[in-house]
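Sharing a structure, written as structure tokens. Questions coming.
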Amino acid sequence: MRFMDEAAGMAAMRYTHGNVVTAHVDAIDFHHPVVIGSFLEATARVIAVGTTSLLVEVELQAEDRFTGTRTITTSGRFVMVAIDEHAEPRRIA
């Protein structure tokens, strides 16, 4: 979940051109277990934007390091809030 939260934060920071915080985790769905030794890749995309917050969808894929087979293991939605230098919510431009 930490890896997914970091990916959501990166997508939100790129979109808002500033700092963000996680306000809410809407849902985390575990589809398949991650095998130890797998490579992980998180893909995050902004799917909705409000006045100060964004909804970011994250998908986590595991890749078998020997076969290259990829499996979607986890997906979730994160609500991120844009903040200013005083850690107060700020409007998204």
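Every number in this text was worked out from the coordinates using simple rules, so none of it is lab data. The model shown is predicted, which means the values in this text are computed figures rather than measured ones. Every residue, glycine as well, gets a Cβ built from its backbone with ideal geometry; the counts of neighbours run over all protein chains shown.
Scan around Thr73 for amide H atoms under 5 Å from its own, H built in the peptide plane at 1.01 Å from N, and keep only partners 5 or more places away or cross-chain.
Amide H neighbours of Thr73: Leu60, Gln61, Ala62.
Between segment 24-61 and segment 62-92, how many Å separate their Cα centres?
A separation of 5 Å, based on Cα centres.
Just to confirm the number: angle between the C-alpha axis of helix 2-16 and the first principal axis of the chain, 0 to 90 degrees, nearest 10?
40 degrees
Given the chain reduced to its alpha-carbon atoms as identical point scatterers, what log10 I(q)/I(0) does the Debye formula return at q = 0.12, 0.17, 0.20 Å⁻¹?
Computed log10 I(q)/I(0) values: -0.40, -0.68, -0.85.
Can I ask one more? How far apart, in nm, are two points set 7 Å out from the Cα along the Cα-to-Cβ line at His32 and at Arg65?
1.8 nm
Could you size up the charge dipole of the chain around its Cα centre, putting +1 on the beta carbon of Lys and Arg and -1 on that of Asp and Glu, and report it in debye to the nearest 20?
140 debye
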